[in-house]
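Below is one structure, written out as structure tokens; comments come after it.
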Amino acid sequence: AFYYAEPSRTFNEFLLLPNLTKKDCVPDNINLMTPVTKYKQGEESELRLNIPLVSSIMQAVSNDSMAVALARNGGLSFIFVSQSIEAQAEMVSKVKKFKAGFVVSDANVRPEDSLIDVVKLKEQTGHSTIAVTDDGTSHGRLLGMVTSSDYRISRADYSQKVKEFMTPFHKLVVGKEGIALSEANDLVWAHKLNCLPVIDKEQRLLHLVFRKDYELHKANPYELSDDKKRLLVGAGINTRDYTERVPALLKAGADVLCIDSSDGFTEWQSDTLSWIKNTYGEKVKVGAGNIVDKEGFLFLAEAGADFIKVGVGPGSICITREQKGIGRGQASALIEVAQARNEYFIKTGVYIPLCSDGGIVHDYQIVLALAMGADFVMMGRYFARFDESPTKKLMIGSNFVKEYWAEGSNKARNWQRYDLGGNKELEFEEGVDSYVPYAGALKENVNLTINKMKSTMCNCGAKSIPELQQKARITLVSSTSIREGGAHDVILKENNLKEI
Ligand code: MZP
């Protein structure tokens, strides 16, 4: 047997050291854009994300509602594969009906002034719609617009409320008086808001379409249904039924696929990749994994993977290490694979993005994973806690929780994920069925995480993920210094202690 000289390490055993923070290295200047699929030196990845977060290929995590919410916030979901081909394709197509934006309509314009019916607008653009009315309920001359809109907000609340619908990529600039849609300077506001304005014949503003790609459309504010930019969605596949599943998912509009497996260092994975690349060429993007070392990386890179997923056994619900003794500490795995990826890039000029999958417990560990060479992270537990995850919200004692079960649990029975070529059975569990604390809406939680990540990156003096990967200084911590990192040697105040 071969013995590794170093023990297998986890994220919890590392910290980042601060670097010089220059005055322009502030959270607003941090760019978290990241590549998802491989690209050649000097080119750009065809698929990039605004934030480096993707949700796990799991029944308890990634359905269409999760995918819409996460894509709206700049990330990506991979719709779970452990369901029928038809059901999975249906989820993908539901996500593809949406576009990355909202249409805000003034419901108080005169019907004869309105050029666009909100129902048609919704159908044409795929945007969700918000009607602005006097009191946020049913008042408004265009009653049809009010009732058919997805959300209603009052004029008074407009500037405040609209922020809630905006993703971190839309900048809201509010004037002294707030924003009134019927004001003469609305068009100026529309530009400042990074919106596509829709105006009537007399140049009055009827709708604001929030969009990040506004620049493209500034020239012609009337053009609404030109645009193919819909929300991005990924989908899991397995190494059994790919000849039928892949065509159905592509037909439904999946932007990227990923082979879902606990062990990706197998010939079943290279067969699956070969079939996809031989059938569709490079236009279909597919990730593979999971692997934990240089050999696994090179195997999947040579087999044609567009990105490679790292991690065997770090997941919060995973008991693969206990059941089979297979796995590796996630930090050690990532460090070795990232080095292999960098060497591969120097040798071939092809950059293959890495996804660190599972085991993230604290927000800073996302930054640590990126610093160690991941381009994005996949999380299950994190997303399972939100309103948008597919599972039930329950009350246990006085706390709300959400259900979260593993793909290798008896509940999910995703035997294909553990495929070893035998008969189609899950003979023993590799994951557990559990609860996670309920945490509310995805948007607020992701915003908070992003803010924390940006703060960490500012301390590291890095304004982008590649800069972080280049500059980060990472240290191992001793078990006693971990204790030093939390509150210690003080009496923590508790709500139920009375002051005297
Ligand atoms: P976490 O974010 O909850 O720590 O980990 C999520 C990851 O655990 C998933 O993306 C997947 O790779 C992995 N997973 C899912 N089911 C199992 C299992 O049954 C598992 N063992 O390990």
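Readers should treat all values here as calculations from the given coordinates under stated rules, not as data from a laboratory. All values derive from a computational prediction rather than experimental measurement. All Cβ positions, glycine included, derive from the backbone under ideal geometry; neighbour counts span all protein chains shown.
If amide H atoms are built 1.01 Å from N in the plane of the peptide, which residues on other chains or at least 5 residues away come under 5 Å of the amide H of TRP405?
Placed amide hydrogens put ALA60, SER434 under 5 Å from TRP405.
Filter the cross-link list LYS97/LYS283; LYS38/LYS94; LYS277/LYS347; LYS40/LYS277; LYS40/LYS97; LYS285/LYS452 down to pairs whose alpha-carbon distance in this structure exceeds 25 Å. Walk me through the numbers before you get to the answer.
Values: LYS97/LYS283 22 Å; LYS38/LYS94 27 Å; LYS277/LYS347 22 Å; LYS40/LYS277 17 Å; LYS40/LYS97 32 Å; LYS285/LYS452 31 Å.
The answer is LYS38/LYS94; LYS40/LYS97; LYS285/LYS452.
Can you tell me how much longer the chain between LEU17 and GLU467 gets when fully stretched, taken as 0.36 nm per residue apart minus their C-alpha distance, in nm with one decimal? All intermediate terms of the calculation are to be shown ahead of the outcome.
On the way: separation 450, 0.36 × 450 = 162.00 nm, distance 1.47 nm.
Full-extension gain reported as 160.5 nm.
For TYR39, which sequence-distant residues (separation of 5 or more, or a different chain) have an amide H within less than 5 Å of its own amide H, given hydrogens modelled in the peptide plane?
Those lying under 5 Å, H to H, from TYR39 are TYR351.
Which residues does the label zone of TYR280 cover in the stretch 17-47, counting backbone N under 14 Å from a point 7 Å along Cα→Cβ?
So the set is 37-38, 47.
Per-residue counts of other Cβ atoms within 10 Å, averaged by peptide: what ranking do you get for 340-350, 480-490, 304-314, 63-73, highest first?
On the way: 340-350: 14.5, 480-490: 8.4, 304-314: 26.5, 63-73: 23.4.
Going by the mean number of other Cβ atoms within 10 Å, highest first, we get 304-314, 63-73, 340-350, 480-490.
Please list 446-459, 259-272, 366-379 highest first by mean number of surrounding beta-carbon atoms within 10 Å per residue.
Numbers: 446-459: 18.9, 259-272: 22.2, 366-379: 25.9.
Listed from highest to lowest mean packing, they are 366-379, 259-272, 446-459.
Taking amide hydrogens as modeled 1.01 Å from N in the peptide plane, which residues meet the under 5 Å criterion relative to LEU49, leaving out close sequence neighbours?
THR34, VAL36
Taking R0 as 30 Å, what's the FRET efficiency between GLU484 and ALA5 from their Cβ-Cβ distance, rounded to 0.05?
Working: r = 28 Å, r/R0 = 0.93.
Step by step, r from the Cβ atoms, then E = 0.60.
Return the sequence-ordered ³J(HN,Hα) values of the stretch 326-337 in whole Hz as given by the Karplus equation 6.51 cos²θ - 1.76 cosθ + 1.60 applied to θ = phi - 60°, using x for Gly and Pro.
Running phi through 6.51 cos²θ - 1.76 cosθ + 1.60 with θ = phi - 60° gives 10, x, 7, x, 5, 5, 4, 4, 5, 4, 5, 5 Hz.
Sorted by average packing, counted as other Cβ atoms within 10 angstrom per residue and highest first, what order do 381-388, 356-363 take? Don't skip to the answer; put the middle values down first.
Numbers: 381-388: 23.8, 356-363: 22.1.
Ranked by mean Cβ neighbours within 10 Å, highest first: 381-388, 356-363.
Give me the distance between the Cα centres of the stretch 3-36 and the stretch 383-424, rounded to whole Å.
First find each Cα centre; the distance between them is then 30 Å.
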